[in-house]
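Chemist: Got a structure here, written out as structure tokens. Questions coming.
The values are calculated or read from the model by the stated rules, or taken from the named source; none is laboratory data. Just so it is clear, the model here is predicted, and its values are computed rather than measured. Backbone-built Cβ (ideal geometry, glycine too); neighbour counts: all protein chains shown. The area values use the complete protein model at the heavy-atom level, side chains included, leaving out ligands, DNA and RNA. Shrake-Rupley method; radii C 1.70, N 1.55, O 1.52, S 1.80 Å.
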Amino acid sequence: LLCDGMGSGVEANRDSTLTVRLLERFLQAGMEAEPSLRILNSALSLRGEAEGGFTTIDLLEIDLFTGESTLYKFGAAPTYVRKKGSVSRHAGTALPAGLTTGETVRPDVTRLHLEPGDCVVLVSDGVSSGTEDAWLREALASFEGESPKELALQLIDLSAEKNEAADDRTAMVVRLAQRQPRQV
């Protein structure tokens, strides 16, 4: 789960933190992802009328037994998936959560099948808005390390070199690995 409040600094942090906490509560209570996101969007829209502010949301669900995965996006920067050295980009058209409300407002939904060795990279728009992202695709394709943390830090450092805007930068990397049986 990656949320990015619009703007930067304390207010953006407050908005994204609130969004993460509410969505976590819905999901931990057993609600399905898409209805949770739609309710959250409506709540943020009502809050936005009074206080302003809205948030992008990237939610990745992975079934670790089958690899079946779903990516939900509300106004978020593109998500990048590396499978066997090939990198694909998944962007959406939904507006950030809290900007619009109504029965027809839904997050973008992308179904994926992930396997051991695959990497999924979620980033905020401070890292990549998706318009000039060849550097990110190349960095992901050529990364030979094993550490998701190392890749995330590398992407943040590279984005600071590429983008001079003073926006918050967040990168989250999920790398699937085959579980090794325990030795008895």
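Chemist: From (1) in contact with a helix residue (DSSP H, G or I) (Cβ under 7 Å, 6 or more places away or on another chain); (2) farther than 20 Å from residue 18 by Cα, pick out the condition that doesn't hold for residue 59.
Modeler: With (1) in contact with a helix residue (DSSP H, G or I) (Cβ under 7 Å, 6 or more places away or on another chain); (2) farther than 20 Å from residue 18 by Cα applied to residue 59, the lone miss is (2).
For (1) modelled with pLDDT of 95 or more; (2) part of a loop (DSSP other than H, G, I, E, B), each residue gets a yes or a no:
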{"site": "47", "(1), (2)": "no, no"}
{"site": "72", "(1), (2)": "yes, no"}
{"site": "81", "(1), (2)": "yes, no"}
{"site": "87", "(1), (2)": "yes, no"}
{"site": "99", "(1), (2)": "no, yes"}
{"site": "136", "(1), (2)": "no, no"}
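Chemist: Please find, among 95, 59, 64, the residue that is part of a strand (DSSP E or B) and either surrounded by 21 or more Cβ atoms within 10 Å (Cβ to Cβ) or of a type in the set (A, V, I, L, M) (or both). Give the derivation first.
Modeler: Values: 95 fails: part of a strand (DSSP E or B); 64 fails: part of a strand (DSSP E or B).
Being part of a strand (DSSP E or B) and either surrounded by 21 or more Cβ atoms within 10 Å (Cβ to Cβ) or of a type in the set (A, V, I, L, M) (or both) holds for just one of 95, 59, 64, which is 59.
Chemist: Then there's this: Return the residue satisfying two criteria in turn: it lies in the range 148-167 and is farther than 22 Å from residue 71 by Cα and open to solvent by less than 60 Å² (accessible area, probe 1.4 Å), and of such residues it is modelled with the highest pLDDT.
Modeler: Residues of the range 148-167 that are farther than 22 Å from residue 71 by Cα, as a first pass: 150, 153-154, 157-167.
Within this subset, residues satisfying the condition of being open to solvent by less than 60 Å² (accessible area, probe 1.4 Å) are 158-160, 163, 167.
On the way: 158: 88, 159: 84, 160: 81, 163: 70, 167: 72.
Per the stated criteria, the residue is 158.
Chemist: Now for a separate question. Somewhere in the range 33-46, is a residue of a type in the set (A, V, I, L, M) and over 16 Å from residue 95 (Cα atoms)? Write out each step before concluding.
Modeler: Taking the range 33-46 first, the residues of a type in the set (A, V, I, L, M) are 33, 37, 39-40, 43-44, 46.
Now restrict to residues that are over 16 Å from residue 95 (Cα atoms): 33.
Within the range 33-46, one or more residues are of a type in the set (A, V, I, L, M) and over 16 Å from residue 95 (Cα atoms).
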